[in-house]
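Working notes, beginning with the structure itself.
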Amino acid sequence: MGSEDTVQADSTKKANTGKATILALGKAFPHQLVMQDYLVDGYFRDTNCDDPELKRKLARLCKTTTVKTRYVVMSEEILKKYPELAIEGVPTVKQRLDICNNAVTQMAIEASQDCIKKWGRPVSDITHLVYVSSSEARLPGGDLYLARGLELKPETQRVLLYFAGCSGGVAGLRVAKDIAENNPGSRVLLATSETTIIGYKPPSADRPYDLVGVALFGDGAGAMVIGSDPVSGNEKPLFELHTAIQEFLPSTEKTIDGRLTEEGISFKLARELPQIIEDHVEGFCEKFMGILGFNHKEYNKMFWAVHPGGPAILNRIEKRLDLLPEKLNASRRALMDYGNASSNTIVYVLEYMMEESSKINKEDHGESEWGLILAFGPGITFEGILARNLTV
C-alpha cells in the first residue's frame, strides 16, 4: 500500500471525508429463547432419541461452548406441523425452505426497521441494499422480499450474498463500504438473517459435528446503515471503515464443508479449523498494521471486533496475538448471549464493542480508537476491515 494509505493513530474522531461509516446498528430475534442449561433434555425429547452416550456428549459440548442463551425459530408448533424434521433420512428440504424463507425475511425486516429507527432518517433515503443469508434459497432472492417488506423504493439497487457462512456479515460490510464510497450521497442498508432450521437434524453417532452445531449456533438478524460524509446534526457515525481485505487460504476448501441435500444443509467442520486460523491470523492482521504506523506486535493498542466462531477460535487468536483478556470481551459476550448466529453475530459484537469502549473510558483505562473487524468463513476465507471507533 502506498503512503497515501498511511494514517495516524491520533486522528480526530470526526469521520474522514469520503470514507464509509457505520451510521446505525439494529438487531432482531425469533421469540423462542433457549437456555443452555435446558437444551439437552429438550433436544433429545423433541427428536425422540434416548442414546445416553450422545446425551452426555452434548451436555459436555454445551458447557465448553460458553453459550448461555440463544434465540431459535424452531418451536413445538413447528415440530407438530412438520414432525418429519426430527426423523432420520426423510427428504425435507422443501419443508425447511418454506419455514426458513419466511422466518429470515421477517427477522431481517424487524432488524432493519430497528436500525433505520436508530439512524433517524426516512426509509426512502436508503439507496442500496446488501442482503446476506446462508439459511434460505429461492428465486427471486430474499433481498427482494426484504425490499418489499420495508417498502424500499423500486429503484433501490440490491446485492445478494448467499452461503458465505460466518464471514458473511463482514463480507457484506466490505461490499457496503465499496458501494458507499463509490456512490457519493448513497445510504446502504446491510441486512443479515439466519436460522438453524435449515440444518436441524436428530442426533446421530455418524454425524458428530451435528452436536457441536446444536450446542453452539443460534438464530437472528442484524442490520447496519452505511454511508460516507455523515450529515452533521442528522447522523451520528459509529465506526469509520478505513480499509477492507479479503483473503482465502488455498487447499482449505474442505475444512468448512456445507452442502444442500434433500434433508437440508449438512455441515462438516474439520477439527483443525481453530489451528488453521491461529496459524494464519497474524499474517493477515499484519497487512493492516503498517497502515496505522504500528509495529506488527502492537495489537493491544487496537480494539478487536472478532466474529466468535467458537471459544477455541477466540482463545487461539488471543494466544497467538498475545492480546489482553479484555480485548475479546465483546466477542465473548456476544457468543454467551446469542451463540454463533453466523453472519449476524458481528452486529452484536459491534454493539457490545461500543459498550465496552464506554466502560473503559469511564474507568480511565485509556481507549482504542483503531481496531479490526474480523470474521472467518468457508474457503477458508478471512475477512477484515480496519476501522475507527468514533464513539470513544
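The values are calculated or read from the model by the stated rules, or taken from the named source; none is laboratory data. Worth saying up front: this structure is predicted, and the values here are computed from it rather than measured. When we count neighbours, we look across all protein chains shown, and the Cβ atoms used for this are built from the backbone with ideal geometry, even at glycine.
Quick notes on this one:
- Residue count for segment 101-156, restricted to those that are surrounded by 21 or more Cβ atoms within 10 Å (Cβ to Cβ) and of a type in the set (S, T, N, Q): 5
- Flag if TYR162 is without any contact (Cβ under 8 Å) to a residue 40 or more places away in the chain and aromatic (Phe, Trp, Tyr): yes
Rundown of residues vs (1) in a helix (DSSP H, G or I); (2) more than 26 Å from VAL212 (Cα to Cα), yes/no style:
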position	(1), (2)
HIS280	yes, no
PHE284	yes, yes
LYS287	yes, yes
PRO308	no, no
LEU314	yes, no
ARG320	yes, no
LYS327	yes, no
ALA330	yes, no
LEU335	yes, no
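- Any hit, segment 130-144, residues being aromatic (Phe, Trp, Tyr) and in a helix (DSSP H, G or I): no
- Residue match in segment 105-115 (condition: among the acidic types (Asp, Glu) and either at pLDDT below 95 or not in a helix (DSSP H, G or I) (or both)): no
- Subset of segment 186-206 (residues that are more than 30 Å from LEU129 (Cα to Cα) and either part of a helix (DSSP H, G or I) or without any contact (Cβ under 8 Å) to a residue 24 or more places away in the chain (or both)): ASP206
- Number of positions in segment 286-309 that are in contact (Cβ under 8 Å) with a residue 60 or more places away in the chain and within 19 Å of the chain's Cα centre (by Cα): 6
- ASP210 falls short of the stated requirement of being at pLDDT 95 or above and touching a Pro at 6+ places or on another chain (Cβ under 8 Å).
- Criterion (of a type in the set (Ser, Thr, Tyr), under 23 Å from LYS13 (Cβ atoms) and either crowded, with 24+ Cβ neighbours inside 10 Å or free of Cβ contacts under 8 Å to residues at least 60 places away in the same chain (or both)) met by exactly one of TYR348, TYR338, TYR352: TYR352
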